[in-house]
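Student: My questions all concern the structure below.
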């Protein structure tokens with residue numbers, strides 16, 4: 001059994017890890033559940049301990065809490081056991097269909113962002129752009145390997161995909177021609193730095209792209225610190241008006257602004273609020289992932305600030321929602337009622353099994369962050385996935401493959417984390433990127449608190 | 001006064017029976033928030 005308890009923003013929250021149940025409790029119940037977890041005391045001894053701490057609480061009231069806990073146990077909502085581990089090992093033997101491709105249509109970029117994992121869009125290799133023929137073959141490859149899956153995702157990525165825009169449009173056109181006959185539904189998406197956005201791009205993307213990710217780091221001085229043209233000029237003044245036109249014309253379809261924060265701006269909520277004040281309401285702001293000796297890397301001191309910032313962000317979002325000017329934050333969009341099933345939660349993001357990145361030359365890699373690392377080349381779109389051992393490694397890259405994850409309360413929210421981050425920080429895809437874990441857990445605590453606040457009002461009534 | 005209030009959540013053990021269709025979107029942390037295609 002595993003329980004996670006924490007107090008945040010006036011709420012006492014109890015999370016039953018294995019069932020996914022969330023309970024909002026008062027201080028008395030919080031302490032009783034905590035003593036139950038220790039499994040050292042009898043119920044009479046627990047009642048005695050609680051009476052000593054809360055002299056106004058009657059013994060009858062304490063035993064009422066015991067009864068409530070017993071009822072919840074019977075309903076499978078508290079102190080439940082983990083029965084999922086055997087399923088995780090079944091994953092290794094199951095056949096997986098491919099349901100998503102990240103098409104690197106351009107290994108080149110018109111910006112030179114120093115923190116970019118793609119290194120000027122070239123992924124430490126040659127510049128290159130994908131041909132229409134290769135793009136079409138990628139869609140055929142996806143359909144051939146998708147089994148009965150209906151929804152297929154294709155993301156246009158780079159580098160900067162707008163530098164190969166005619167091919168992007170050609171690939172979409174081809175997809176629309178073939179999807180019906182195969183009983184499939186392509187969801188095309190686009191990730192762009194905004195420099196090449198014009199009216200024609202906006203019109204086409206708003207018609208065909210299921211989602212768009214628009215890169216903006218927030219305040220002008222923050223954005224321009226890293227997101228520069230090759231000649232050193234910042235790109236903020238160029239891209240912000242384009243993004244505003246893009247989003248306005250999108251008419252409610254999915255998009256989100258995606259920023260990166262670094263050692264230079266651990267006070268990143270100011271950048272989130274800046275984006276909200278620019279009129280954007282679907283936002284994401286991610287901590288930079290880089291070697292710890294990199295000057296933009298977050299330090300231990302930064303981390304304390306970032307933790308506090310996540311709380312500030314959650315409280316401000318609740319306030320703005322109340323004022324009817326809400327915005328969403330990617331990591332706080334926790335779907336408790338309609339979220340993913342347990343199979344999804346224990347198998348993770350799908351990189352190297354259900355999801356592959358395709359280079360301009362048609363090579364396959366486990367995901368966009370592995371592109372350029374020849375150890376992880378897994379085949380190509382003409383001959384298929386040939387690196388069977390690597391596939392097995394990625395199938396096993398789940399929550400239960402890591403000792404640290406087995407005892408972590410957040411494991412069914414993060415699904416074991418990002419394989420690329422693990423590789424870059426520990427040298428193994430099955431390593432644990434500790435800084436990422438700490439930030440992730442803080443975000444989940446904030447997200448659950450927001451759900452509790454939305455359900456039971458701004459402040460806990462107890 | 002009820003001291004324990006429970007928020008409605010998808011029961012993960014129940015999802016052993018009704019989950020696994022695989023139609024959900026792939027997910028990049030750079031999982032928990034995506035809506036299940038069946039439930040939504």
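The values are calculated or read from the model by the stated rules, or taken from the named source; none is laboratory data. These numbers were taken from a predicted model, which means no experiment stands behind them. Reconstructed Cβ throughout: ideal geometry from the backbone, glycine too, with neighbour counts over all protein chains shown.
Student: Just the residues that are over 30 Å from residue A:136 (Cβ atoms), more than 14 Å from chain B (Cβ to nearest Cβ), surrounded by 19 or more Cβ atoms within 10 Å (Cβ to Cβ) and touching a helix residue (DSSP H, G or I) at 6+ places or on another chain (Cβ under 6 Å), please, taken from the stretch A:381-428.
Tutor: Within the stretch A:381-428, just A:400 meets the criteria.
Student: Looking at the stretch B:1-19 only, could you name the residues that are modelled with pLDDT under 85, at the interface with chain A (Cβ under 7 Å from one of its Cβ atoms) and touching a helix residue (DSSP H, G or I) at 6+ places or on another chain (Cβ under 8 Å)?
Tutor: Result: B:13, single match.
Student: Being surrounded by fewer than 16 Cβ atoms within 10 Å (Cβ to Cβ) and either part of a helix (DSSP H, G or I) or touching a strand residue (DSSP E or B) at 6+ places or on another chain (Cβ under 8 Å) (or both) narrows it down to one of A:319, A:325, so name that one.
Tutor: Testing whether each residue is surrounded by fewer than 16 Cβ atoms within 10 Å (Cβ to Cβ) and either part of a helix (DSSP H, G or I) or touching a strand residue (DSSP E or B) at 6+ places or on another chain (Cβ under 8 Å) (or both) leaves just A:319.
Student: I'd like the full set of residues that are surrounded by 22 or more Cβ atoms within 10 Å (Cβ to Cβ), modelled with pLDDT of 90 or more and assigned to a loop (DSSP other than H, G, I, E, B), limited to the stretch A:97-108.
Tutor: Selection gives A:98 alone.
Student: Moving on to the next point. Go through the residues of the stretch A:154-164 one by one and say whether even a single one is surrounded by fewer than 22 Cβ atoms within 10 Å (Cβ to Cβ) and at pLDDT below 95.
Tutor: Scanning the stretch A:154-164, I find no residue that is surrounded by fewer than 22 Cβ atoms within 10 Å (Cβ to Cβ) and at pLDDT below 95, so the answer is no.
Student: Tell me, which residue of the stretch A:17-56 that is outside any helix (DSSP H, G or I) and more than 14 Å from every other protein chain (Cβ to nearest Cβ) is surrounded by the most Cβ atoms within 10 Å (Cβ to Cβ)?
Tutor: A:41
Student: Exactly one condition in (1) crowded, with 24+ Cβ neighbours inside 10 Å; (2) more than 10 Å from chain B (Cβ to nearest Cβ); (3) in a loop (DSSP other than H, G, I, E, B) is false for residue A:361; which is it?
Tutor: It is condition (1) that residue A:361 fails.
Student: Now for a separate question. On the basis of being modelled with pLDDT of 95 or more, assigned to a loop (DSSP other than H, G, I, E, B) and over 26 Å from the mean Cα position of the chain (by Cα), does residue A:183 make the cut?
Tutor: Here the answer is yes, as residue A:183 does meet what is asked.
Student: Within the stretch A:364-380, how many residues turn out to be part of a helix (DSSP H, G or I) and either within 14 Å of chain B (Cβ to nearest Cβ) or more than 24 Å from residue B:25 (Cβ to Cβ) (or both)?
Tutor: Residues that pass the stated criteria total 2.
Student: Another question about this same structure. Can you tell me how many residues in the stretch A:186-203 are under 27 Å from the mean Cα position of the chain (by Cα) and either at pLDDT 95 or above or within 19 Å of residue A:235 (Cβ to Cβ) (or both)?
Tutor: Result for the stretch A:186-203: 12.
Student: Report yes if residue A:434 is closer than 27 Å to residue A:10 by Cβ, more than 13 Å from chain B (Cβ to nearest Cβ) and surrounded by fewer than 22 Cβ atoms within 10 Å (Cβ to Cβ), otherwise no.
Tutor: It is false that residue A:434 is closer than 27 Å to residue A:10 by Cβ, more than 13 Å from chain B (Cβ to nearest Cβ) and surrounded by fewer than 22 Cβ atoms within 10 Å (Cβ to Cβ).
Student: Facing chain A (nearest Cβ under 7 Å), modelled with pLDDT under 70 and part of a loop (DSSP other than H, G, I, E, B), is that true of residue B:33?
Tutor: Yes.
Yes or no, residue by residue, for (1) surrounded by fewer than 19 Cβ atoms within 10 Å (Cβ to Cβ); (2) farther than 22 Å from residue A:320 by Cβ; (3) modelled with pLDDT under 95:
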site	(1), (2), (3)
A:237	yes, yes, no
A:245	yes, yes, yes
A:249	yes, yes, no
A:265	no, no, no
A:272	no, no, no
A:279	yes, no, no
A:289	no, yes, yes
A:298	no, yes, yes
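Student: Also, quick follow-up: Which condition number does residue A:310 fail, the rest of (1) surrounded by 18 or more Cβ atoms within 10 Å (Cβ to Cβ); (2) within 11 Å of chain B (Cβ to nearest Cβ) being met?
Tutor: With (1) surrounded by 18 or more Cβ atoms within 10 Å (Cβ to Cβ); (2) within 11 Å of chain B (Cβ to nearest Cβ) applied to residue A:310, the lone miss is (2).
Student: Report whether or not residue A:66 is within 12 Å of chain B (Cβ to nearest Cβ), modelled with pLDDT of 95 or more and surrounded by fewer than 17 Cβ atoms within 10 Å (Cβ to Cβ).
Tutor: yes
Student: Got a sec? Which of A:126, A:133 is at pLDDT below 95, closer than 19 Å to residue A:178 by Cβ and out of contact with any helix residue (DSSP H, G or I) (no Cβ under 7 Å at 6 or more places or on another chain)?
Tutor: The unique qualifying residue is A:133.
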